[in-house]
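Chemist: For reference, the structure I am asking about is given below.
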Amino acid sequence: MARSDESVMYTMIDIRINKGYIVYSRQDAKEESRVNLSFQEKSIAGSVAATVLVYGNYFAESILGWQSRTPDENAAGRLLGTIGLLVVIEVVYQIVIAVVDQPSPKDERDRLVDGKANRNAYAILVLGLALLITCVLIVDGVSSPEWVPVALTPFLLAQAMLASLVAAEVVKGVSQLYYYRAGF
Amino acid sequence: MGATGIRNRIRELRFHTGEMTQQALAERIGVTRQTVIAIEQGKYSPSLEAAFRIALAFGVPLEQVFLYDRGPQDGRPSS
C-alpha cells in the first residue's frame, strides 16, 4: 500500500472509531502531510548543490583551459577563490536555514545515515586515488607510453585528487538524501 | 529498501494516548520528529534503547509496540 494511502487510512479509522476526535484527526493528517525536507536534509541538499555548482564551474574552467592549451597563470589563486566562495555560500546558507527552520541535534538515525554515506564516499575516494596511482605508475614508470595525451604535472595530480575528494563529498551528500528518503 | 520485517503500533498507540503528536513523542524519546515518522512508516528500525524508551512513553511492554514478522530465514527455536 502506498504511504499516502496509509495516512488516509489512519485518518478514516480515527474518525470512525471516535467521532468526537475529528478535529484531532485533521490535525494529525496535516502533521502526516508535513513530511517535507527536515533541517538535516535541507542542510545536506544545499551543501551538495553548492559543491556541484562551485566545483563544477571550477573544473569546467580547468578543462576548457587545458583543451585550449592556455597556461593557467593564476591556478592557485583560482582554486583558493573557489574554496573561499564555497565556504561563504555554505556559511550564509546554513545561517539562513537555521533561522528559518529550527535546527535539531543529530539523533541515532542521523548518525547511522552519516555512517552509511561515509562508507559510500570512502569507496569513491579510494577508487579515485587508486585510478590516479595507476595513472602515475603508467605515465612515470620505466617507459612512458606515447598514447598518454597529457603530462602528469604536480598541479594536474592535485586537480585529480581534488576531483576525487569532490566526487566523494557529492556521493556522501546524495547517499545521505537517499537514505533519509528511502530508509534502510 | 525500507521494509524491515518489523511492524509497529506507534500510530495506534499515539491515538490512544490522547492523540500524542509525533513531536511530543520525539521529545520524550530523545529523537527528531523525522525519526519518529521513519519508525512509524517502517523505514527505520530504532535501536533497542530507543525502542524501550518508546514503549516506556506509552506505558506498555515492548512487544505491544513492535511486532516481528517471521521470515523463511528465521529458524525454529532450539529445544
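Read-outs: derived from the displayed coordinates by stated rules, not from any lab. Keep in mind the model is a prediction, meaning the values are calculated, not measured. Here the Cβ positions follow ideal geometry from the backbone for every residue, glycine too, while neighbour counts run over all protein chains shown.
Chemist: Mind listing the Cα extents of chain B along all three principal axes, in Å, largest one first?
Modeler: Principal-axis extents of the Cα atoms in chain B, largest first: 41, 28, 20 Å.
Chemist: By how many nm would the segment from A:LEU85 to A:LEU64 lengthen if fully extended, with 0.36 nm per residue of separation less the alpha-carbon distance?
Modeler: 5.5 nm is the gain from fully extending A:LEU85 to A:LEU64.
Chemist: While we're here: Put a dot 7 Å past each Cα toward the Cβ at B:THR21 and A:SER104; how far apart are the dots in nm?
Modeler: Label-label distance for A:SER104 and B:THR21, simple model: 1.2 nm.
Chemist: Test of understanding: in a Gaussian network model of chain B with alpha carbons linked when under 10 Å, which of B:LEU25, B:LEU48, B:LEU13 would top the mean-square fluctuation ranking?
Modeler: For chain B, modelled as a Gaussian network with Cα springs under 10 Å, the answer is B:LEU48.
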